[in-house]
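Note sheet for the following structure.
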Amino acid sequence: MSGFLSYMNGDSILHRLNPLTKLLMSAALCASCFLTHRHSVVIGVIVFNLCMSYSAGGLKRSLAMSVSFIKLALLLFVLQVFFVREGNIILTLPLNIYITDKGALFSSLFSLRLVAATMPLAIMLSVTRMSDISNVLAQKLRIPYKYTFALTTAIRFIPIFSEEMAGIAEAQTARGVEFDTKNFFKKIRLLLPLCVPLLISSVRKIEGSAISAELRGFNLRTRECGYKTYRFGLRDAGALVLTAAIIAAAVLI
């Protein structure tokens, strides 16, 4: 999952859009998934996200991300489908456990929303530099720079911590710890002790970053310190119109 939060070089239309336009598009696509109660609309949003990813040259990333979220969505589907008691029974299991048609529809829609709502933000982050996100939030939305810096720094640290965790797990595997076990609960039990060295290394990295920011005059920086300007063009207007059309379709359908 760390690769989806790292910037992907390119010169596609998505790469050249205004960073604020990308953020608005991702937020609107996420909202459209929760404004509709039809599976077809949510699936259409997923397909649209895959098309955007293909145009930016990151289709493999999106497909891998979709597979990861589909696994989580299936787990949530199984957990939810047995708790909805309304509707007609379509499947009866032992111990008075049954599945209803409304339960299956609700759980499947919830699972599809999970996949569709997480894809836009991941795609936009992969085609937008964190510095651009920080600058546009401070310049256009008038958010204090300290908050935008904290947000983008937290996103930057996610892949770093993920790689750190993978390195710790590989070191433990070399010492004979069976991390390749298929038992989910056993794997969780083996991963929990690794949080301690990860936490220690994370605190060290955060402290080093804080000292580096202080030496570079972080406290003196304001929204006017950004040297880049972000203008809206015709492609931005077209992207926003397309996004508005998707939201309208989600509401009307």
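Any idea which of SER111, SER201 is assigned to a helix (DSSP H, G or I) and over 17 Å from the mean Cα position of the chain (by Cα)? Explain how you work it out, then say what you get.
Details: SER111 fails: over 17 Å from the mean Cα position of the chain (by Cα).
So the residue among SER111, SER201 that is assigned to a helix (DSSP H, G or I) and over 17 Å from the mean Cα position of the chain (by Cα) is SER201.
One residue is enough: does region 2-13 have a residue meeting the conditions small (Gly, Ala, Ser) and more than 22 Å from ILE133 (Cβ to Cβ)? Outline the logic, then answer.
As a first pass, look at region 2-13 and keep what is small (Gly, Ala, Ser): 2-3, 6, 10, 12.
Okay, now just the ones that are also more than 22 Å from ILE133 (Cβ to Cβ), so none.
The answer is no; no qualifying residue exists.
Would you check if ALA73 is within 20 Å of LEU14 (Cα to Cα), touching a residue at least 24 places away in the same chain (Cβ under 8 Å) and outside any loop (DSSP other than H, G, I, E, B)?
Criteria not met by ALA73.
Can you report the number of residues in region 89-137 which are charged (D, E, K, R) and either assigned by TED's automatic domain parsing to the domain that holds ALA150 or under 30 Å from GLY58 (Cβ atoms) (or both)? Please lay out each step first, then the result.
Initial filter on region 89-137 (charged (D, E, K, R)): 101-102, 113, 129, 132.
Cutting the leftovers down to either assigned by TED's automatic domain parsing to the domain that holds ALA150 or under 30 Å from GLY58 (Cβ atoms) (or both) gives us 113, 129, 132.
Total meeting the criteria: 3.
Restricting attention to region 75-101, report how many residues are surrounded by 12 or more Cβ atoms within 10 Å (Cβ to Cβ) and of a type in the set (A, V, I, L, M, F, W, C).
Within region 75-101, the subset surrounded by 12 or more Cβ atoms within 10 Å (Cβ to Cβ) is 75-77, 80-82, 84, 87, 90-91, 98-101.
Then keep just the ones that are of a type in the set (A, V, I, L, M, F, W, C); that gives 75-77, 81-82, 84, 90-91, 99.
Summing the residues that are surrounded by 12 or more Cβ atoms within 10 Å (Cβ to Cβ) and of a type in the set (A, V, I, L, M, F, W, C) in region 75-101 gives 9.
What do you reckon, is ILE160 assigned to a helix (DSSP H, G or I) and in contact with a Pro (Cβ under 8 Å, 6 or more places away or on another chain)? It would help to see each step written out before you state the result.
Numbers: assigned to a helix (DSSP H, G or I): yes; in contact with a Pro (Cβ under 8 Å, 6 or more places away or on another chain): no.
Answer is no for this residue.
Within region 154-172, can you find the residues that are free of Cβ contacts under 8 Å to residues at least 24 places away in the same chain and among the small types (Gly, Ala, Ser)?
Step one: of region 154-172, the residues free of Cβ contacts under 8 Å to residues at least 24 places away in the same chain are 154, 166-167, 170-172.
Answer for region 154-172, where residues must be free of Cβ contacts under 8 Å to residues at least 24 places away in the same chain and among the small types (Gly, Ala, Ser): ALA154, ALA166, GLY167, ALA171.
Quick one: which of VAL78, VAL84 is more than 16 Å from the chain's Cα centre (by Cα) and assigned to a loop (DSSP other than H, G, I, E, B)?
Details: VAL78 fails: assigned to a loop (DSSP other than H, G, I, E, B).
Of VAL78, VAL84, the one residue that is more than 16 Å from the chain's Cα centre (by Cα) and assigned to a loop (DSSP other than H, G, I, E, B) is VAL84.
If I ask for residues that are surrounded by 17 or more Cβ atoms within 10 Å (Cβ to Cβ) and among the small types (Gly, Ala, Ser), which ones from region 46-74 would you list?
Hits for region 46-74 are SER53, ALA56, GLY57, GLY58, SER62, SER66, ALA73.
For residues that are of a type outside the set (Ser, Thr, Tyr) and touching a Gly at 6+ places or on another chain (Cβ under 9 Å), scanning just region 117-135, find the one that is surrounded by the fewest Cβ atoms within 10 Å (Cβ to Cβ).
So the first thing to find is which residues in region 117-135 are of a type outside the set (Ser, Thr, Tyr), and the list is 117, 119-125, 127, 129-130, 132-133, 135.
When the remaining residues are screened for being touching a Gly at 6+ places or on another chain (Cβ under 9 Å), the result is 123, 127, 135.
Details: ILE123: 26, VAL127: 24, ASN135: 22.
This residue is ASN135.
For the condition surrounded by 12 or more Cβ atoms within 10 Å (Cβ to Cβ) and touching a residue at least 24 places away in the same chain (Cβ under 8 Å), what is the one hit in LEU151, LEU194, LEU190, LEU141?
Numbers: LEU151 fails: touching a residue at least 24 places away in the same chain (Cβ under 8 Å); LEU190 fails: touching a residue at least 24 places away in the same chain (Cβ under 8 Å); LEU141 fails: surrounded by 12 or more Cβ atoms within 10 Å (Cβ to Cβ).
After ruling out the rest, the residue left standing is LEU194.
The values are calculated or read from the model by the stated rules, or taken from the named source; none is laboratory data. No experiment lies behind these values; they were computed from the predicted model shown. Because the Cβ atoms are built from the backbone with ideal geometry, glycine has one as well, and the counts that use them run over all protein chains shown.
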